[in-house]
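Please treat every number below as a calculation from the coordinates, not as lab data. Just so we're clear, the structure is a prediction, and the values are computed from it rather than from any experiment. Counting neighbours? That spans all protein chains shown, and the Cβs are built from the backbone with ideal geometry, glycine included.
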Amino acid sequence: VGLNVAAQAAQKLYFGTATNADQWTDKTYFDILKDDSEFGQITAANVMKWFDTEPEPSVFNFTDGDVIADFVKATGKRLRGHNCVWYNQLPDWLSNGTFTAPELAFIVERHCFTLVSHYRGQVYSWDVINEPFNDDGTYRVDIFFNTLNTSYIPLALKAARRADPHTKLYINDYNIEGIGAKATALKELVRSLKASGVPIDGVGIQSHLTVGGVPATLQQNMAEFTALGIEVAITELDIRFTALPPTAAGLAQQKADYATVVAACNAVPGCVGVTVWDFTDKYSWVPSTFPGQGAACPWDENYVKKPAYAGITEGFLG
Ligand code: G3I
């Protein structure tokens with residue numbers, strides 16, 4: 001059975017993938033992407049980010065994002081919004097500008113409100129805040145923290161809530177898969193947001209993992225997040241080889257790793273779904289960021305399903 005069929009048979013909302021529309025002229029790619037039995041959910045890998053959606057101050061551009069949203073509408077899939085506030089892929093006017101705290105607060109609110117408003121009613125969940133922490137659990141000192149300390153977080157979440165009362169508001173991060181300093185910091189943040197009445201509905205556990213490196217505490221960690229009264233999702237799953245090419249034993253380990261991650265989501269009732277950060281090695285972000293590493297996706301670069309594919313269905317169906 002397909003990946004999304006397996007997810008839904010396991011009572012999850014979706015199995016999904018990130019995508020870039022410039023890959024859609026590749027017919028083999030597009031046919032798999034469209035297939036509802038494989039993917040019930042789509043995330044824009046790039047085009048809903050700040051650099052593309054507000055390229056000049058207060059000049060909003062949803063042309064590229066709408067291509068993704070229209071495809072999602074036409075195919076009846078779910079959409080995850082990615083993302084409102086992130087230190088990376090910012091427009092030059094923002095990353096090179098100097099702003100007072102009130103100015104930047106206004107800019108953050110305007111961006112989140114306008115972006116989330118544009119897609120009101122179309123987005124299952126939004127990554128309102130992306131990657132706010134360092135790996136040691138301290139806050140990342142980016143343009144937002146530098147000027148606004150942590151106040152940008154409630155500001156952005158409240159603006160998003162005003163813009164779309166029904167979408168789920170998430171904080172999304174990596175290296176929070178296992179119990180540890182970074183996951184603890186995020187749990188603390190969720191607790192304090194809830195305590196002060198700030199809207200927060202979910203945590204996105206990105207899960208950019210390495211073969212053999214799935215944290216043993218993943219399931220317990222997810223359960224601890226959901227115990228805070230929020231949902232979780234695996235939002236950017238890929239499991240890369242740190243040395244290439246993969247061996248047969250390596251591919252078997254990768255299959256087991258995919259199964260472990262999916263089974264962990266499956267076992268935690270508040271885990272709503274799993275998204276891979278693109279489904280074929282042909283378009284994976286990994287090799288350009290980690291030279292010499294890759295083969296991280298369930299389909300290889302020739303669209304042959306790897307053992308990892310069956311690992312995913314096993315993770316859902318047992
Ligand atoms: O659009 C330009 C193009 O005009 C130019 O010719 C080309 C030359 O390098 O670059 C293109 O921009 C690239 C952009 O993706 C769009 O394809 C950037 O260089 C490249 O750095 C950028 O990478 C993206 C990355 O985020 C940026 O950090 C990846 O595609 C995207 O998959 C990745 O996604 C992130 C999530 O948003 C957050 N979590 C981690 C994840 C993986 O890094």
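Brief remarks follow.
- Residue match in region 75-91 (condition: surrounded by fewer than 18 Cβ atoms within 10 Å (Cβ to Cβ) and away from the ligand (no atom under 16 Å from the Cβ)): yes
- Every residue from region 242-267 that is among the β-branched types (V, I, T) and assigned to a helix (DSSP H, G or I): T260, V261, V262
- The condition of being within 16 Å of the ligand (Cβ to nearest atom) and crowded, with 17+ Cβ neighbours inside 10 Å holds for L33.
- All conditions but one from (1) in contact (Cβ under 8 Å) with a residue 24 or more places away in the chain; (2) within 16 Å of the ligand (Cβ to nearest atom) apply to P287; the one that does not is (1).
- For region 157-182, a residue qualifies if it is within 16 Å of the ligand (Cβ to nearest atom) and of a type outside the set (S, T, N, Q), and the qualifying residues are Y170, I171, D173, Y174, I176, E177, K182.
- Residue within region 19-28 that is within 13 Å of K77 (Cβ to Cβ), aliphatic (A, V, I, L, M) and out of contact with any Lys or Arg (no Cβ under 7 Å at 6 or more places or on another chain) present: no
- Residues that are of a type outside the set (A, V, I, L, M, F, W, C) and either crowded, with 19+ Cβ neighbours inside 10 Å or more than 13 Å from A296 (Cβ to Cβ) (or both), drawn from region 246-258: P246, T247, Q253, Q254, K255, D257, Y258
- Within region 36-54, if we keep just the residues that are within 15 Å of the ligand (Cβ to nearest atom) and hydroxyl-bearing (S, T, Y), the residue that is nearest to I312 (Cα to Cα) turns out to be T43.
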